[in-house]
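Taking it in order: structure first as structure tokens, then the write-up.
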Amino acid sequence: MEIGIDSFAATMIGNDAGTGDSRTIEIGQLLDRMEHADQSGLDVFGIGEHHRKEFLDSAPTLILAAAAARTKRIRLTSAVTVLSAADPVRVFQNFATLDLISQGRAEMVVGRGSFTEAFPLFGYNLQDYDELFAEKLDLLLNIRDNEVVNWSGKFRPALHNQPVYPRPLQDPFPIWLGVGGTPESFIRAGVLGMPLMVAIIGGETHRFAPLIDLYREAGKQAGHSPDKLKVGLHSLGYVSDTTEQAVAEYYPGYAETFTRIGRERGWPPVTPQRFESQRGPLGAYLVGGPEEVAEKILRHSEALGGISRVTFQMDNAKLSHEKLMRSIELIGKKVGPLVNK
């Protein structure tokens, strides 16, 4: 199983987040963490895409390209590319270039994102949410599979015998479909034979098993071989030397962040009891000591019929750079080996 990190390049809100100096420092520290993940034996590092003040990841391929120059083996991916509000031609060109820079280590996870600010920012109507994504995914896969593209759609001018360059080093270039909880998204990934990245940021992980069964059955019916139908899991997580230490370090910043986000979405405030239910044996969060977290990953994999990748999203709890570096080292050097033993 591949083990990795996903980052949204979160700023330290309230700690001079608005100054140029602090943002420069935080980007530099993020690149240090990506290099450290490579040295610690992790398999993949993903950068999200947001267009909000509290995140520095609005241009993820630039961050990934900078990391490519400082790493040797780790795979570099998006987490996720908000395809509905992007031009698939430019998305493909950016990631093809990243693939060349990294000597074949680039990937992308495409999805619709969990925030909606990209739609008005780039002039799209949120009412076209699903139709935009379906059309743009069709074009992106067409570009991936054909050097010379013939394509027409509703939201973008047609392409007639139009070559798209550069071509990536990997053929085919890896594109995962990032999904939340809608059955249609799981079925779509199966029909297309795309690897699936499931974001489970709440609830009980085993409850996603029927949706993953839908994905695998749709892929089978479409004639795709099982080795193409890989499943990855993206979850909130943090590892420290002991479970007690992990909870003590992670919870305060997590509670503040998700209570703030919850006010935007009508969620109740975070409570210790609700957090513990998510951190418990069946909950989605991967927060604890190395042994406990490794055991939980294995339980998740068994409950979902086997997963190929798991990624930790842990820069949402205002943890210091030093704590994040230590957690990355523990995940790479202890959790990964325990999972794959």
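Looking only at residues that are under 15 Å from the mean Cα position of the chain (by Cα) and in a helix (DSSP H, G or I) in segment 43-89, which one is nearest to residue 30 (Cα to Cα)?
63
Determine the pairs where a residue that is closer than 24 Å to residue 275 by Cβ, located within segment 226-243, has a partner that is β-branched (Val, Ile, Thr) and open to solvent by 10 Å² or more (accessible area, probe 1.4 Å) with Cβ atoms under 6 Å apart, the partner being 6 or more residues away or on another chain.
Correct list of pairs: 233/307; 236/201.
Consider only pairs whose beta carbons are under 9 Å apart and that are at least six residues apart or on different chains; among these, list those whose first residue lies in segment 113-125 and is aliphatic (A, V, I, L, M) and whose second residue is surrounded by 13 or more Cβ atoms within 10 Å (Cβ to Cβ) and in a helix (DSSP H, G or I).
118/84; 118/85; 121/85
Give the residues of segment 1-31 that are open to solvent by 60 Å² or more (accessible area, probe 1.4 Å) and either modelled with pLDDT of 85 or more or part of a helix (DSSP H, G or I) (or both), sorted by residue number.
21, 23, 24, 25
Select, from 196, 214, the only residue that is modelled with pLDDT of 95 or more and open to solvent by less than 30 Å² (accessible area, probe 1.4 Å).
196 is the lone residue from the list that is modelled with pLDDT of 95 or more and open to solvent by less than 30 Å² (accessible area, probe 1.4 Å).
Conditions first: (1) open to solvent by 10 Å² or more (accessible area, probe 1.4 Å); (2) at pLDDT 95 or above; (3) of a type in the set (Gly, Ala, Ser); (4) over 15 Å from residue 106 (Cβ atoms). Residue 48 passes all but one, so which condition is the exception?
That leaves (1) as the condition not met.
Can you tell me how many residues in segment 280-319 are under 16 Å from residue 332 (Cα atoms), touching a Ser or Thr at 6+ places or on another chain (Cβ under 6 Å) and in a helix (DSSP H, G or I)?
Of the residues in segment 280-319, 1 are under 16 Å from residue 332 (Cα atoms), touching a Ser or Thr at 6+ places or on another chain (Cβ under 6 Å) and in a helix (DSSP H, G or I).
Are any of the residues in segment 259-279 within 24 Å of residue 42 (Cβ to Cβ), assigned to a loop (DSSP other than H, G, I, E, B), among the small types (Gly, Ala, Ser) and more than 21 Å from the chain's Cα centre (by Cα)? Explain how you work it out, then say what you get.
Of segment 259-279, the ones within 24 Å of residue 42 (Cβ to Cβ) are 278-279.
Keeping just the survivors that are assigned to a loop (DSSP other than H, G, I, E, B) gives none.
No, the conditions are met nowhere in segment 259-279.
For segment 255-282, which residues satisfy the criterion of being open to solvent by less than 80 Å² (accessible area, probe 1.4 Å) and polar (S, T, N, Q)?
257, 259, 271, 277, 278
Condition check: farther than 17 Å from residue 313 by Cβ and either crowded, with 24+ Cβ neighbours inside 10 Å or modelled with pLDDT of 95 or more (or both). Does residue 74 satisfy that?
When the stated conditions are applied, residue 74 does not pass them.
Considering only segment 201-211, state which residues are open to solvent by less than 50 Å² (accessible area, probe 1.4 Å) and either at pLDDT 95 or above or assigned to a helix (DSSP H, G or I) (or both).
Hits for segment 201-211 are 205, 208, 209, 211.
Table: residues versus (1) among the polar types (S, T, N, Q); (2) more than 26 Å from residue 65 (Cα to Cα); (3) modelled with pLDDT of 95 or more.
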{"position": "93", "(1), (2), (3)": "yes, no, yes"}
{"position": "100", "(1), (2), (3)": "no, no, yes"}
{"position": "103", "(1), (2), (3)": "yes, no, yes"}
{"position": "119", "(1), (2), (3)": "no, no, no"}
{"position": "127", "(1), (2), (3)": "yes, yes, no"}
{"position": "134", "(1), (2), (3)": "no, yes, yes"}
{"position": "139", "(1), (2), (3)": "no, no, yes"}
{"position": "146", "(1), (2), (3)": "yes, no, yes"}
{"position": "173", "(1), (2), (3)": "no, no, yes"}
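May I ask you to list the residues in segment 234-254 that are within 28 Å of residue 117 (Cβ to Cβ) and surrounded by 19 or more Cβ atoms within 10 Å (Cβ to Cβ)? Don't jump to the end; show me each part of the working.
Filtering segment 234-254 down to residues within 28 Å of residue 117 (Cβ to Cβ) leaves 234-238, 250-254.
Those that are within 28 Å of residue 117 (Cβ to Cβ) and surrounded by 19 or more Cβ atoms within 10 Å (Cβ to Cβ): 234, 235, 236, 237, 238, 250, 253, 254.
Since residue 333 meets every condition but one in (1) farther than 22 Å from residue 27 by Cβ; (2) in contact with a strand residue (DSSP E or B) (Cβ under 6 Å, 6 or more places away or on another chain); (3) open to solvent by 10 Å² or more (accessible area, probe 1.4 Å); (4) among the charged types (D, E, K, R), which condition does it not meet?
(2)
Could you list, in sequence order, the residues of segment 283-318 that are open to solvent by 10 Å² or more (accessible area, probe 1.4 Å) and at pLDDT below 95?
315, 316, 318
What's the total number of residues in segment 124-167 that are open to solvent by less than 80 Å² (accessible area, probe 1.4 Å), in a loop (DSSP other than H, G, I, E, B) and basic (Lys, Arg)?
The number of residues fulfilling the criteria is 2.
Among the residues of segment 168-184, write down those that are open to solvent by 10 Å² or more (accessible area, probe 1.4 Å) and over 13 Å from the mean Cα position of the chain (by Cα).
168, 169, 170, 171, 172, 174, 181, 182, 183, 184
For segment 90-106, enumerate the residues that are open to solvent by less than 10 Å² (accessible area, probe 1.4 Å) and either among the polar types (S, T, N, Q) or part of a loop (DSSP other than H, G, I, E, B) (or both).
102
The values are calculated or read from the model by the stated rules, or taken from the named source; none is laboratory data. Owing to the predicted nature of the structure, the values given are computational and were not obtained by experimental measurement. With ideal geometry, Cβ positions are generated from the backbone for all residues, glycine too; neighbour counts draw on all protein chains shown. The protein model used for the area step is the full one, side chains on, heavy atoms only, and it has no ligands, DNA or RNA in it. Shrake-Rupley method; radii C 1.70, N 1.55, O 1.52, S 1.80 Å.
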